[in-house]
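> Structure incoming, see below.
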């Protein structure tokens, strides 16, 4: 694992290359003098909320203009370069849609903006919706979708035009365990086909299940880049909090309490919040429980970033 | 790979936006507002049916075409068209930003300007679809009053439609520019449409040439009743440009405002609240 990449320009082979990239909003610094290269394949951008992840993602997707320095995506500057979006698919973090449209209408309409005619766009939308396993709900209004379905339809619009680079901002947020597993599989298959993915998250476990290559970001700086396994031990020292929204929270709690990795547990409205010492084992078990259906429906799994924040504090101190 | 050209991209944004715009709460509200002139026309028609020859000015029965012309000028040109322009024009991009859907449009291979132009076209189609039934109903209710006939007034109806469409295009372009440049575009737009324009039109001088209504008034073909003090004063102060000057003026306003608005959208960063 290496610390901040330093003043040298990143090599050309990188799919994303930031050179002394800074972004500030008035007096507030969003990103501070970042020079980093993102190689082909899957790269995870990991950091707590407010670390600069969103700013970095917005700069990478050309939504923001660098205040200083530069950023190149697939070898070209991204700001005001619409042609580059033929090669990029972006799944944003925000839960925003044209709610009155059906999933199929929405994906088709967005794909048409890539210059496709109606029939071509519909064919690609159908394929993408199939890939995210939403075919049955394709003709339902997005307003009636669950959180997990909304995440998956966002993913469909990002992959529908078969881009070289997929940029995913917190793609697993709010998904149920089964949808999570399927989405992770989809991302990995995507990369196996020779394409690249930049995925952001504040949950190490999520990133780790997709890739070993990470960028750690905190307070507007790239704190570390490299192999995820080297920070694994650090994170294991800190309890991991998981928020689970489900129908039968008490039945789930009974099951959790029988496991020795569960450190504490509390109930919230329609949800149970668990602290675990071994997130890997916990998530694997949770996915099996969701798949078996014996403990009722699990609607949503999220993780606050307190534990990650603790790891960052540790890293900053060391 | 080159990005798709501006016009096809704008037409695709138009396709995407029209349905959303037509069924928005804003359209429902303004659709109800456009029922106002229809209710007024219905009232006049009822009075005329119950009490024939009761609608008079200075002892003379007022023709239906004159009432219709008055309503087009006073209600549609002076109030409804600027109001539609303000409400829709200032929100063309702002709505997408507020709803956080702008990201999906700005991360597609189309020029950013195409988003504005496509949404502007959707605004035009949407407002014309809202205004058209209202004007038609007013026409069929009001024109038969007095001695006027529908056949007689029909050519003027077509001219009025064209003028209203031009007014919507001009106000929409101006307020689209306001919407892309200012932080509180709705307030600024309302002040411009219902404060600045009417005030400037009352005074002689060149300042009124910076308004849309100065050019629009030349296109009003209806004869207005001129016996009241207010109308006489209005006639004295009224400086009406020729039709060709008006058409050129409105074209310059539309193209200039849209070009500047497009430039603003290209250059501006839209930071969405998390």
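> For region B:20-35, what are the residues that are in a helix (DSSP H, G or I) and within 18 Å of residue B:132 (Cβ to Cβ)?
B:21, B:22, B:26, B:27, B:28, B:29, B:30, B:31, B:32, B:33, B:35
> Then there is this: Please go through region B:41-73 and pick out each residue that is within 21 Å of residue B:193 (Cβ to Cβ) and at pLDDT 90 or above.
B:71, B:72 - these are the residues of region B:41-73 that are within 21 Å of residue B:193 (Cβ to Cβ) and at pLDDT 90 or above.
> Another question, then. For region B:60-83, does any single residue satisfy the condition of being within 14 Å of chain A (Cβ to nearest Cβ) and under 23 Å from residue B:182 (Cα atoms)?
No, there is no match, as no residue in region B:60-83 is within 14 Å of chain A (Cβ to nearest Cβ) and under 23 Å from residue B:182 (Cα atoms).
> In region A:158-181, is there at least one residue being buried (at least 23 other Cβ atoms within 10 Å of the Cβ), within 13 Å of another protein chain (Cβ to nearest Cβ) and more than 15 Å from the chain's Cα centre (by Cα)?
Looking through region A:158-181, at least one residue is buried (at least 23 other Cβ atoms within 10 Å of the Cβ), within 13 Å of another protein chain (Cβ to nearest Cβ) and more than 15 Å from the chain's Cα centre (by Cα).
> Considering each of B:219, B:272, B:237 in turn, give the residue that is modelled with pLDDT under 90 and within 14 Å of another protein chain (Cβ to nearest Cβ).
Sole residue among the options that is modelled with pLDDT under 90 and within 14 Å of another protein chain (Cβ to nearest Cβ): B:272.
> Additional query: Of the numbered conditions (1) over 30 Å from residue B:195 (Cβ atoms); (2) buried (at least 16 other Cβ atoms within 10 Å of the Cβ); (3) within 14 Å of chain A (Cβ to nearest Cβ), residue B:5 satisfies every one except a single condition; which is it?
Result: residue B:5 fails condition (2) only.
Yes or no, residue by residue, for (1) facing another protein chain (nearest Cβ under 10 Å); (2) surrounded by fewer than 23 Cβ atoms within 10 Å (Cβ to Cβ):
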| position | (1), (2) |
| --- | --- |
| A:41 | no, yes |
| A:45 | no, no |
| A:50 | yes, yes |
| A:53 | no, no |
| A:60 | no, no |
| A:66 | no, yes |
| A:70 | no, yes |
| A:76 | no, yes |
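> Find the residue count for region B:97-114, including only residues that are more than 9 Å from chain A (Cβ to nearest Cβ) and within 25 Å of residue B:167 (Cβ to Cβ).
Adding up the residues that qualify gives 1.
> Run residue B:25 past the list (1) within 14 Å of chain A (Cβ to nearest Cβ); (2) within 15 Å of residue B:140 (Cα to Cα) and report the number of the one that doesn't hold.
Residue B:25 satisfies every listed condition except (2).
> Considering only residues that are part of a loop (DSSP other than H, G, I, E, B) and either within 16 Å of residue B:140 (Cα to Cα) or in contact (Cβ under 8 Å) with a residue 12 or more places away in the chain (or both), which ones fall in region B:54-74?
B:55, B:58, B:62, B:63, listed by residue number.
> Further, regarding this structure: Looking at region A:100-119, which of its residues are without any contact (Cβ under 8 Å) to a residue 24 or more places away in the chain and either away from every other protein chain (no Cβ under 13 Å) or within 18 Å of residue B:100 (Cβ to Cβ) (or both)?
Within region A:100-119, A:109, A:113, A:119 qualify.
> I've got another one for you. For region A:268-290, enumerate the residues that are surrounded by fewer than 18 Cβ atoms within 10 Å (Cβ to Cβ) and in contact with a helix residue (DSSP H, G or I) (Cβ under 6 Å, 6 or more places away or on another chain).
Across region A:268-290, the qualifying residue is only A:287.
> Counting only residues that are in contact with a helix residue (DSSP H, G or I) (Cβ under 7 Å, 6 or more places away or on another chain) and either in contact (Cβ under 8 Å) with a residue 24 or more places away in the chain or at positive phi (or both), how many does region B:86-110 have?
Going through region B:86-110 one residue at a time, the tally reaches 14.
> Could you pull out the residue among A:192, A:150 that is closer than 21 Å to residue A:58 by Cβ and without any contact (Cβ under 8 Å) to a residue 60 or more places away in the chain?
When all the criteria are applied, what remains is A:150.
> Okay, next question. Taking residue A:139 as the residue in question, decide whether it is in contact with a helix residue (DSSP H, G or I) (Cβ under 9 Å, 6 or more places away or on another chain), farther than 19 Å from residue B:101 by Cβ and either at pLDDT 95 or above or crowded, with 19+ Cβ neighbours inside 10 Å (or both).
yes
> Continuing with the same structure: Of all residues being over 23 Å from residue A:200 (Cβ atoms) and touching a helix residue (DSSP H, G or I) at 6+ places or on another chain (Cβ under 7 Å) in region A:81-99, which is farthest from the other protein chains (Cβ to nearest Cβ)? Just the residue, please.
Among those residues, the one meeting the criterion is A:99.
The values are calculated or read from the model by the stated rules, or taken from the named source; none is laboratory data. These numbers come from a predicted model, not from an experiment. So basically every Cβ, Gly included, is an ideal-geometry build from the backbone, and we count neighbours across all protein chains shown.
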